[in-house]
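Visitor: I have a structure I would like to understand better, so I am pasting it below and will then ask my questions one at a time.
The values are calculated or read from the model by the stated rules, or taken from the named source; none is laboratory data. In this text the structure is predicted, and so the values were computed from the model without any measurement. In this analysis, Cβ positions are derived from the backbone assuming ideal geometry, glycine residues included, and neighbour counts consider all displayed protein chains.
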Amino acid sequence: MTRTLLALAGFLLVFITQLFTLQHCATPTSPSGGARDSIGPVLIEEETTPNFQTNFRPEEIVITFDEWVEQDAKQEIIISPPLALGPDNQPYLRRRSLVIPLQGLELRDSVTYVVNIGSAIKDLNEGNPTENLRFVFATGPVLDSATVSGTLVEDFTGEPVDGATFTLYSNLSDTATTTENPTYFAQTDEEGSFTIYNIRPGRYRAVGLVRNPGATNYYVDLNGTFKPLSIGFIDSLLTVNDGNTEIGTVRISPVGVPAKVIGVDTAAAGRIAITMNQRAEKIDLRTNRTDYLRYNVRDTINLFFRDPGADTIFVGRDAIFRDTIVVNAAGSLPAGAPEVVAGPGATTNPATGLVFFFDQPLERVDTSLISLRRDTLPGRLPFRYDLDSLYPGEITLRTGWAQNTQYFLDILPGALTGWNNQSNRDTISRKFRVENPESFGTLSLSVQDLDTTLSYVLSLVKKEEVVSGTRRFIRRRGEYFVTYRGLRPGDYQVELIYDGNDNQRYDAGNFLNRRQPELIRRFKIEALRANWEVEEVIELK
């Protein structure tokens, strides 16, 4: 009898434990362990309002997924053509379904409606979003079936942009793209490609943008808190016909940071130093003076001048000048002596020579106060020097170098005189070796079929960086020839910027000014080897 009771008690204990376990497992929780899910929610068609219906006027649209989901508050669900959604028409979640109530809304006759969900829905566990999800129906017998496809790329690099948005506006007013959500949109994939489906044939404004992660809208909201990160556009109205309209590549440019002056230093005679909130080469200046020598150093614009005088300087970017500087330009402190900002290291490329950068332009060089010697030999070597034509604060010394040989350089006090008539007070000394010239290569480059009405900026690029000393400015010439010596072996590209406004720099696009980014072309050339000369001819036509 006792054994029977014990067995019965054990059976009841196991039964209760299993029952509790089943009840506990019925509660939805985030799974733990295993591989991370990277796939967004998938539709269950048999539990979803049928898509692509015609002669359809739904009271609500129910889209059911294969897992629990949540709505991303930063991603807006857009219906096009736009509907005036009231408080009772806002999309909401019901268990595993997205419900879009349409009761009380007046749907137009013979119109195709597209509910652009995009990536507004994501799974509850891992946060993986849906991609380009849309629901389509027509109140008439025919669904609009035109499509628009293309590619969005970064303006400067030409690299495809993943996750960008391409938009179409049926409202053709100038302000539509900056004040209201688009009629149609689609997001790009890893290749920067997009396709917008179910478009009504007609004319549209077209804009591509990288949305701010905090934005809830899809338009160019330049006055809002969460401005777009990058913008591109098609200049003219886009005509969409039946079938597919291929627009090609649209280059999108980063939204520029408004120029702001951080500080102004006019203390030193002969120099105005303007510190900006961004790199100095992006900044434009307007002034009545024509004798300034401008030299940019990181975020500081240095304006050198010989004759003192009052001036008003307007500071801005992209034709918008927000700051004004009023200076007497005389300087309250005595002019300083030239000082080295950067100079050669322990080894020197024989093709480039010894290059020094000073904090001010140089006026005179007294070669009798410069001593260049080889090894322990006491005799001074003959040399020549060059002052850079754009910034004469850069000086290069050259001679007939002997490879793998140690040299000594002494620039004695008084050898270098700046614009302000002050000379260096201390001796500038360097000890260095010259590298073997056979370790370097030479590139002879000919660029043909240039447009004689345009200017260009030519550079060599290695590993996505412009090689120092290779930039050349070409103005209104049909062809150009240059020889680059002392290049280290490796793979190079020739970069050619079509300098439309002749300001000797690249200018990105500007949406408000309706300015497209300047054209950039890059050409691969034969790999450069040590002690080898490569001859390249680039024909632009």
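Visitor: Given the options Tyr484, Tyr480, Tyr498, Tyr492, name the one that is under 24 Å from Arg279 (Cβ atoms) and at pLDDT 95 or above.
Guide: It is Tyr498.
Visitor: When you check Asn404 against the structure, is it more than 42 Å from the chain's Cα centre (by Cα), not in a strand (DSSP E or B) and not assigned by TED's automatic domain parsing to the domain that holds Arg521, yes or no?
Guide: The answer is yes for Asn404.
Visitor: If Asn181 meets every condition in (1) more than 21 Å from Asn132 (Cβ to Cβ); (2) surrounded by 15 or more Cβ atoms within 10 Å (Cβ to Cβ) apart from one, which number is that one?
Guide: Condition not satisfied by Asn181: (1).
Visitor: Can you run down the residue pairs with Cβ atoms below 6 Å, 6 or more apart or on separate chains, where the first is in segment 358-381 and in contact (Cβ under 8 Å) with a residue 60 or more places away in the chain and the partner is of a type in the set (A, V, I, L, M, F, W, C) and surrounded by 17 or more Cβ atoms within 10 Å (Cβ to Cβ)?
Guide: Partner pairs satisfying both residue conditions: Pro361/Leu293; Pro361/Phe304; Pro361/Trp419.
Visitor: Something else: Thr216: surrounded by fewer than 21 Cβ atoms within 10 Å (Cβ to Cβ), touching a residue at least 60 places away in the same chain (Cβ under 8 Å), of a type in the set (Val, Ile, Thr) and not assigned by TED's automatic domain parsing to the domain that holds Arg515, yes or no?
Guide: Taking the combined requirement at face value, the residue satisfies it.
Visitor: State yes or no: is Lys227 at pLDDT 90 or above and touching a strand residue (DSSP E or B) at 6+ places or on another chain (Cβ under 9 Å)?
Guide: no
Visitor: Quick one: in segment 159-217, of everything that is on the phi > 0 side of the Ramachandran plot and in contact with a Leu (Cβ under 7 Å, 6 or more places away or on another chain), which residue is modelled with the lowest pLDDT?
Guide: Asn198
Visitor: Continuing with this model, one more query. Based on this model, can you work out whether Ser368 counts as over 20 Å from Ala342 (Cβ atoms), of a type in the set (Ser, Thr, Tyr) and surrounded by 13 or more Cβ atoms within 10 Å (Cβ to Cβ)?
Guide: When the stated conditions are applied, Ser368 does not pass them.
Visitor: Which of the residues belonging to segment 40-91 are assigned to a strand (DSSP E or B) and among the aliphatic types (A, V, I, L, M)?
Guide: Once the filter is applied, which keeps residues that are assigned to a strand (DSSP E or B) and among the aliphatic types (A, V, I, L, M), segment 40-91 yields Leu43, Ile61, Val62, Ile63, Val69, Ile78, Ile79.
Visitor: A further question follows. When you look at Thr347, is it of a type in the set (S, T, N, Q), within 30 Å of Trp401 (Cβ to Cβ) and over 34 Å from the mean Cα position of the chain (by Cα), yes or no?
Guide: yes
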